[in-house]
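Report on the structure given below.
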Amino acid sequence: MGGKKAMGFWSRVRSRLTSSAAELEAQELSQDALEAGADPLGSVSDRALVDAVGVLRNISIPPPGQVPSVIGELFDGTGSLSIVWLGRREIPGIGCGVRLRVRGRVAMRRGQPVIYNPRYDILPAPGNH
């Protein structure tokens with residue numbers, strides 16, 4: 001039995017040495033979301049209620065003259081979804097790299113999952129909780 005444990009250890013070491021930084025980040029994020037009891041974003045479906053944990057990879061704000069909104073991409077290592085807060089041009093504390101827990105109903109828009117006006121909590125970075 002000790003051989004299996006050692007083999008698993010060396011497999012993990014080899015995997016970490018040969019994986020890219022993006023792959024390692026995705027693995028860490030998906031493990032973090034799993035430990036938080038969140039739904040994996042890679043398997044969300046239309047109209048599902050979702051409780052997800054991930055990191056905002058980008059934020060955009062439409063130009064003046066368009067509907068005020070803050071649009072972000074939440075990534076958890078298994079997939080991503082857009083989150084859209086309507087009627088706002090900024091949200092204190094929301095920015096790229098921020099870790100969030102969001103809850104809401106998924107809508108599919110152009111084949112991509114979106115949650116409009118999600119409930120959210122800003123979380124500490126992994127390892128800082």
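Listed values, structure above:
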quantity: Output for segment 41-60, where each listed residue is open to solvent by 70 Å² or more (accessible area, probe 1.4 Å) and more than 15 Å from Val98 (Cβ to Cβ); calculated: Ser43, Asp46, Arg47, Leu49
quantity: Condition broken by Ala125, with the remaining ones in (1) more than 17 Å from Leu41 (Cα to Cα); (2) out of contact with any strand residue (DSSP E or B) (no Cβ under 8 Å at 6 or more places or on another chain); (3) small (Gly, Ala, Ser) satisfied; calculated: (2)
quantity: Candidate set: segment 91-111, residues that are open to solvent by 50 Å² or more (accessible area, probe 1.4 Å) and farther than 15 Å from Ile122 by Cα; chosen: the one farthest from the chain's Cα centre (by Cα); calculated: Arg110
quantity: Selected residue [open to solvent by less than 20 Å² (accessible area, probe 1.4 Å) and at pLDDT below 95] from Ala125, Ala38; calculated: Ala38
quantity: Breaking point among (1) touching a helix residue (DSSP H, G or I) at 6+ places or on another chain (Cβ under 9 Å); (2) over 24 Å from Ser20 (Cα atoms); (3) free of Cβ contacts under 8 Å to residues at least 60 places away in the same chain; (4) assigned to a strand (DSSP E or B), for Val102; calculated: (1)
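The values are calculated or read from the model by the stated rules, or taken from the named source; none is laboratory data. The structure presented is a predicted model; accordingly, all values stated were derived computationally and were not measured. With ideal geometry, Cβ positions are generated from the backbone for all residues, glycine too; neighbour counts draw on all protein chains shown. For the accessible areas, the whole protein counts, side chains as well, though only heavy atoms, and no ligand, DNA or RNA atoms are used. Shrake-Rupley method; radii C 1.70, N 1.55, O 1.52, S 1.80 Å.
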